Each structure stands twice: as structure tokens, then as C-alpha cells.
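The values are calculated or read from the model by the stated rules, or taken from the named source; none is laboratory data. Computed from a predicted model, the values in this text were never measured in an experiment. All Cβ positions, glycine included, derive from the backbone under ideal geometry; neighbour counts span all protein chains shown.
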Protein chains: 2
Amino acid sequence: MALAEIGALPGGGVDRQALSPGETEAWRLVIAWGADAGMEPSTDPAGNLFLTLPGRDRALPPLVMGSHLDTQPTGGKFDGAFGVLAALEAAQSLGAIPARDVTVVAWMNEEGSRFAPGMMGSEAFAGVRPLDDILAAGDAAGTTVAEALAALHAAFPAIPRRPLGFPIGFYLEPHIEQGPVLEQRHAPIGIVTGIQGKKTWEMVVQGQEGHAGTLDMADRHDALAAFARMADAMFREVGTTDSIIKLTIGLVRMEPNAPSVVPARLTFRIDLRHPDNAVLDAAGERLEVLAATHAPPCTVQVRRLVDAPSNDFDPGLRACIAAAAEALGHAAMPILSAAGHDARHMAPLCPAAMIFIPCRDGVSHAEHEWAEPAHVAAGAAVLAEVAAGLVLEPAA
Amino acid sequence: MALAEIGALPGGGVDRQALSPGETEAWRLVIAWGADAGMEPSTDPAGNLFLTLPGRDRALPPLVMGSHLDTQPTGGKFDGAFGVLAALEAAQSLGAIPARDVTVVAWMNEEGSRFAPGMMGSEAFAGVRPLDDILAAGDAAGTTVAEALAALHAAFPAIPRRPLGFPIGFYLEPHIEQGPVLEQRHAPIGIVTGIQGKKTWEMVVQGQEGHAGTLDMADRHDALAAFARMADAMFREVGTTDSIIKLTIGLVRMEPNAPSVVPARLTFRIDLRHPDNAVLDAAGERLEVLAATHAPPCTVQVRRLVDAPSNDFDPGLRACIAAAAEALGHAAMPILSAAGHDARHMAPLCPAAMIFIPCRDGVSHAEHEWAEPAHVAAGAAVLAEVAAGLVLEPAA
């Protein structure tokens, strides 16, 4: 709740954009909490934040746990923040010097709302995307990641830098489910089996501006009319696929966007998800065909942004989570993650897994996003139990 | 060209929004030009600017001529500006004291791009819309007309105020055609018969935001998906009406407008025009039905903004324009105005008419809008000839 005051919105939600003054303030708060628990802050060239509880053998690759501190423009209190704070709590509660370093992480720009696409910090760390590409990305005001990151880093001049991609022993990410399944099944713990595949595009419909009162319909190159044809056809198309495919056109920018001017240009983003990679690929191809088919007399530029297939999390860690939940008396169930998470990019580097807790009515990316305190505590306790099992000697 | 430097855009166009610092600068320039010609500036509570050349009998209602100084966000050099400057030129060129006052007018916010809908100044003057409604309208940044107008008036403290709706003897408005007809017919002068009818709406599609990766399509209230259905259906509908109906959705605002959030709300503006009032009314009703039909599971709020039927200009003044064009050797033809103009609101108050000149390729509301100097001169000369006929004694 203290963290949610940073970027608080009147409706109870949070607007804390990546690399914003709000994120600077959030760093300050969690660094202070980490310091109270004997944890050392560090960062890397991609703006990821690490808080490390030193272990006995500092040469061993650390146990890394966490999530992200940025939110959607009208986001909630739990998406991302729960993962970072549960990790901090789990590290603090170990009660003994761990066998290896235990590092809490807050990945840079998971949400992708200020700078697109998201998961920039984990992508850079894992080498999925070149750092230079990420640093060059700009927000709507023209500020680049490089500029915003320099401002963030300048606020913390004393914090040491680590390289991208340092070795990791294990990775654990706690998160709210962002869907209704755990709540409906009365299971406070979700053992995440994997993350559904996701593709995103930016498409630009180029038409020609003109006067709304004088230009004949037959002579128009109306970017909005072409977009309406495309978007309607795309929604109809996915409607015939199956009930679990998900299509979102979440961002639209029109130019010049004046009431009596025929729109000259419309830029939009598509987000398509499905757990079956073959279905996802086929649907993605059909969307590209529909864009090309419905564009004339306008033209359309199609740029693929994200192409992330489905993945499976580590079976050993999933078994540890199941055992910890059972030991603590919390009902648990396997669940597929419909949302993307930074853990996607850690899974190829080391054994990785995720722990989900329920959120009310499955609502997320919204101001009234909510998780019950009992579920928050259960998730943090299971994480702490798994962490203790990984880094503490069994009691004699 | 000097006026077009105020708000000049890199592509050759002009962005000079109503009641902006740019309009303040434009007032300063035309007031100075008017002063050089012995004209007295005044304004009214709606922010209209008047420059008056005093006549012999100041009790007679004046001849008023002009147009507007504001532009679209990516507008051209001629739309509006030509009318004001041609009127200034015609008044200057009379060469004798006129029988009655000759007043050049620049109406406030004709374009309606910063504050919607447009023609606020002439509507307030004619009593078509209450001044309080107009003063309360806000721009995208939340600034009201009242606030922006106070700033404009504060820049000209010495200028006297006149009441709204003072009596007018005759009204003449020169303007570029904003369509291709005069250019195609090689006629430098268009004698405007009337203005086609126009209806505008603001519609707000209300859905529910949610996570793009987790919320099942069947459970979504996606404001963009509903809008795409509506907009596509509306364009198909007008496509079956006739070839001269015109439908534009020129402005779209989506919230929260983030790539991985299901859109919660989409606000858009519709502009519908047709010269036949019965066709316009019927098509307008069908658009409202389509909005309601395609909204579910979202809801739609429908607000009518402008409902302006077609009108006819004064036959006597049209005959004067024809005679003046013939006397000066400029080919002239009758033409219907497809675009709306402030003259629409003067026509019920006094004999009113409009003079059109060609613009290149019929393009307007665009940076490359252009009118040939010869046509600009012809339009101003015909206006001056008509004005002289109305306010000067015939030579003995």
C-alpha cells in the first residue's frame, strides 16, 4: 500500500510509468526496505534493479526472485509490485545466511505502455533484444529509453553497475493471476505451467487528408474507414478460431484527428495470444492478410514487434512450489499464464517458475485490480518456503 | 503570405488554432493593416474581430465582409484567411467615403478543431447558440473558450466592445471553394447558391478495460471492437445512399490507449453532409440506429452537436456578383457550397452571399492547399466591385 501511493490515481489505481519520476521514487523506497534487511542495491545497463542478500559462497549463481515496479497508465496496486515485495519479504524472512546470494529483481519496463514493446529489461538481460535497440525506443513525447534511463541512474549515482546476463542459479516470479481461474476454483496458489504465446504488431494505415464537406467519398483515401474495415474483419476472423484466442487493439493514434478532416493516417497496435503456437502462427498470418486486403485505396505498413512462442516452466521448481503449498496448507493447482511475464525470458537461462495468486474477478490492468491480503500472504509464504529450500541447509 | 507565417508548419501549411497565441498575433497584424487604411477595431463577447471603415451615415447598418483567421491543425494558407484579407483589400480600395460603415469581420473559431463544434463566433452573433454554452466548451487540455477568450481580449485592452447581433445591412464572404469544380470548369469566380446541410455527432462507446492476455473474448466489453463494427457499418450504409453524401469520422480518442489493455472507452465525432435535407435527415437517423445496434455488449452515448439544414443565398446579391464578374471579365458560375461557412448564420439576418475562387486539385484542410494569385486577385476584385456598388454613390 505504501508503494501504491507512488503514482496513485483517484480511482484507487496506480500510474507509474517505466523510467518515470514515479519509478525513481519507487526505487528509493524498495532500496531503503532492502537496506533495512541487509541487502545491497545494484543496477545494470538496461535499468534493472537488484537488491542482494549476500550468501556464504558469493561465487555461486544467485537465486533471483521478483517482477517489476512499472504499471499501465490506469493500472492497479498488485501487477508487478506484488512480485517484487513478496520477493523482498521472502529474502528478509530466511532468518539465516543463505548458501548463495539471494537477489530481488525489479525488471525495467515490463508493461510496455510508455515505451513499446514491454519486458525491455528482461529481454536486454537475456540477450533476446539488443540493448541499443531498446535504448533507442521513444515514448509519445519523443523521449528515448536512453534519456529516461540516464535520468533514473543519475538519481542513484552511488549504486554499482552489473553486466547484463550474469549467471543465475534459479528464477522465481510471484504475480497476480490477471484472470479468474484461481478465484473460481478457490485455490490461493497457482503453479504456473507456462506462458501462452504472444504476437504483437504495429500497423500504419496511410491515406490522404481532405475536407469533410467537399471531398467526394469515391475520391477519398480515408485512413479511418480503412482501419474500421480491417479491425472489424480481424475481430470476425478470431471469432471463428476458438474460444481461447485473444485479440486486442489497445492503441490507436489518428492524424490529424480533427472533426472535419478526412483522416490521413492511423497507427494501431495489435496484441494476439494463444497457448498453441501453431494456432497463434496461423491466426497471425491471417491478420496480416486481412490488413493488406482491406487497406485499399489506402496502404498499410505492417511491423512485427513481439513474436514470443509458448514456453514451459521448470518441472523441478514446479514440484517445489507444490510441496511448499502443501506443507503450508494452501490449496494449489497448475495453471497456464495467459499474460506475458519477464519469467518468459529467464526460462532459457536457468530453472525458472512462477507462483500465481488470485485477483478479484480476474481484473487486472485496471484501477480496481485487487488481491485479498490472505492470498498475498499465502503467495509470499510459499515463495519464502521454496526459497528457503533452495538456499538454506536443511535443519540438522 | 505574411499572415501564413503565423503558425507556419514545415510542410507549407498553417496551424493557427482559435483563441491561441497564434490568433492573437494574427489579430495584431490585421488590426495594424486596418489602421493603415483608417479602420477602427472592435470586438464582441464572442471574440469576433471587426475592423470598420466609417461611412457617411453611421446609423445605417454596415456592409459586413470577411471570414475567419483560425485554421485546422494541419491547415492551409487560404481557408478563412483569403476571406478576411480580400475584405480588407476591398474596403481599402473603395477610394471614397462609403455611404454606410464597411466592416471587415474575422469570426471566432470557424474550424471547430480546438473547440468543437465550429462557427462559434457567428453562431453566438446570430443567436443560434447561447453564448454561455460556447464559453463553457473546453479543448483537449481542459481550457475553456471563456479562459482562452479572456487571454485574447486581455492582449487588446484598448479595443471597444460591441454587442452580439448588431444590425447588418449586407453580408459577403469570399472563400476558396475547397472542392475541384471551379478549377475543372476554368471559372475563377463561383457564385455560391447555398450551403449543403450538415449534421455532426459526438458518440461515446463505453466498455470495460481489462488485460489483453487474460480476459476471454466472450467476457470482453471492448470499446474499440464495438467502434469498428459501428464505423464499418456506417460507411457501408452511406455507400448505398448516393454519390454525393459525405461521411467523415475525423476524430477518435481512446482510453486508456495502451497496447495491452482492452479499451475501456472510445469517443468519436461524425460529420455527415448532403445538399438535400430529406436525404440528410434520413441518413442521420440510420447512423444513430447503427450505433445503437452495434454497441452491445458496450453502451453508446449519442450527442447531436450540429444540425444545420441546407440554405439558399440572397438572389439579389448573387446577381450583383454575376454582374461584377462579367464587368471585370472573369468567368463565373453558380456553385453549391459543400463546406459549411459562417455565412450560413448571417443569411437569416440580412441579404448574404458568398464568392468562391478555385483551389488547386480541390484540396483544403491540408498543408498543400493552394490558390493561384490570379484567382485570389479576381475574387478580391469582384468583391470590391460588389462592395462599391452597395456603398458608393454611382458616379455622376
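The table that follows gives values for the structure above.
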read-out: Filter pass, B:P61 being modelled with pLDDT of 95 or more, assigned to a loop (DSSP other than H, G, I, E, B) and surrounded by fewer than 24 Cβ atoms within 10 Å (Cβ to Cβ); value: yes
read-out: Candidates B:V289, B:V252, filtered to the one that is of a type outside the set (S, T, N, Q) and away from every other protein chain (no Cβ under 14 Å); value: B:V289
read-out: Residues of region A:64-77 that turn out to be part of a loop (DSSP other than H, G, I, E, B) and either within 14 Å of chain B (Cβ to nearest Cβ) or crowded, with 24+ Cβ neighbours inside 10 Å (or both), as a count; value: 7
read-out: Checklist (1) part of a strand (DSSP E or B); (2) at the interface with chain B (Cβ under 7 Å from one of its Cβ atoms) applied to A:A231, failing item; value: (1)
read-out: Test for A:V261: is it β-branched (V, I, T) and at pLDDT below 95; value: yes
read-out: Any hit, region A:173-181, residues being touching a residue at least 12 places away in the same chain (Cβ under 8 Å), more than 14 Å from chain B (Cβ to nearest Cβ), buried (at least 19 other Cβ atoms within 10 Å of the Cβ) and under 20 Å from the mean Cα position of the chain (by Cα); value: yes
read-out: Only one of A:G239, A:G329 that is within 14 Å of another protein chain (Cβ to nearest Cβ), more than 22 Å from A:E202 (Cβ to Cβ), of a type outside the set (S, T, Y) and surrounded by fewer than 22 Cβ atoms within 10 Å (Cβ to Cβ); value: A:G239
read-out: Residue match in region A:182-199 (condition: more than 29 Å from A:L336 (Cα to Cα) and more than 7 Å from every other protein chain (Cβ to nearest Cβ)); value: no
read-out: B:D314 being surrounded by fewer than 21 Cβ atoms within 10 Å (Cβ to Cβ) and out of contact with any Phe, Trp or Tyr (no Cβ under 9 Å at 6 or more places or on another chain); value: no
read-out: For B:Q206: the one exception among (1) in contact with a Lys or Arg (Cβ under 6 Å, 6 or more places away or on another chain); (2) more than 8 Å from chain A (Cβ to nearest Cβ); (3) within 25 Å of B:D70 (Cα to Cα); value: (3)
read-out: Pairs, first at positive phi and away from every other protein chain (no Cβ under 14 Å) in region B:112-137, second surrounded by fewer than 18 Cβ atoms within 10 Å (Cβ to Cβ) and small (G, A, S), C-beta under 8 Å, six or more apart; value: B:G127/B:G165
read-out: Exclusive hit being touching a Ser or Thr at 6+ places or on another chain (Cβ under 9 Å), at pLDDT 95 or above and assigned by TED's automatic domain parsing to the domain that holds A:A228, set A:D271, A:D281, A:D276; value: A:D271
read-out: Conditions (1) within 23 Å of the chain's Cα centre (by Cα); (2) away from chain A (no Cβ under 14 Å); number of the one not met by B:V300; value: (1)
read-out: Of the criteria (1) assigned to a strand (DSSP E or B); (2) out of contact with any helix residue (DSSP H, G or I) (no Cβ under 6 Å at 6 or more places or on another chain); (3) under 20 Å from B:G194 (Cα atoms), which one B:L247 fails; value: (2)
read-out: Residue in region A:93-111 that is surrounded by the fewest Cβ atoms within 10 Å (Cβ to Cβ), counting only those that are within 14 Å of chain B (Cβ to nearest Cβ) and in contact with a helix residue (DSSP H, G or I) (Cβ under 8 Å, 6 or more places away or on another chain); value: A:E110
read-out: Given (1) of a type outside the set (A, V, I, L, M, F, W, C); (2) within 20 Å of B:I168 (Cβ to Cβ); (3) more than 14 Å from every other protein chain (Cβ to nearest Cβ); (4) out of contact with any helix residue (DSSP H, G or I) (no Cβ under 8 Å at 6 or more places or on another chain), number of the condition B:G80 does not satisfy; value: (3)
read-out: Residue list for region A:256-281, restricted to those being more than 22 Å from the chain's Cα centre (by Cα), touching a residue at least 12 places away in the same chain (Cβ under 8 Å) and within 9 Å of chain B (Cβ to nearest Cβ); value: A:P256, A:P259, A:S260, A:V261, A:V262, A:P263, A:A264, A:L266
read-out: Output for region A:7-41, where each listed residue is in contact (Cβ under 8 Å) with a residue 40 or more places away in the chain, in a loop (DSSP other than H, G, I, E, B) and touching a Leu at 6+ places or on another chain (Cβ under 8 Å); value: A:D15, A:R16, A:L19, A:A37, A:M39
read-out: Any chance A:R220 is at negative phi, within 8 Å of chain B (Cβ to nearest Cβ) and either buried (at least 22 other Cβ atoms within 10 Å of the Cβ) or at pLDDT 95 or above (or both); value: no
read-out: Filter result for A:A324 (part of a helix (DSSP H, G or I), on the phi < 0 side of the Ramachandran plot and surrounded by 17 or more Cβ atoms within 10 Å (Cβ to Cβ)); value: yes
read-out: Breaking point among (1) in the same structural domain as B:E183 (by TED's automatic domain parsing); (2) aliphatic (A, V, I, L, M); (3) out of contact with any Phe, Trp or Tyr (no Cβ under 8 Å at 6 or more places or on another chain); (4) modelled with pLDDT of 95 or more, for B:L336; value: (4)
read-out: Qualifying residue in region A:315-328 (condition: outside the structural domain of A:V14 (by TED's automatic domain parsing), of a type in the set (A, V, I, L, M) and over 28 Å from A:M108 (Cβ atoms)); value: no
read-out: Checking B:R304 against (1) assigned to a helix (DSSP H, G or I); (2) closer than 24 Å to B:R344 by Cβ; (3) in contact (Cβ under 8 Å) with a residue 24 or more places away in the chain, the condition it does not meet; value: (1)
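Residue by residue, here is whether (1) surrounded by 24 or more Cβ atoms within 10 Å (Cβ to Cβ); (2) outside any helix (DSSP H, G or I); (3) under 17 Å from the mean Cα position of the chain (by Cα) holds:
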{"position": "A:A353", "(1), (2), (3)": "yes, yes, yes"}
{"position": "A:F356", "(1), (2), (3)": "yes, yes, yes"}
{"position": "A:D361", "(1), (2), (3)": "no, no, no"}
{"position": "A:H368", "(1), (2), (3)": "no, yes, no"}
{"position": "A:A374", "(1), (2), (3)": "no, no, no"}
{"position": "A:A377", "(1), (2), (3)": "no, no, no"}
{"position": "A:L390", "(1), (2), (3)": "no, no, no"}
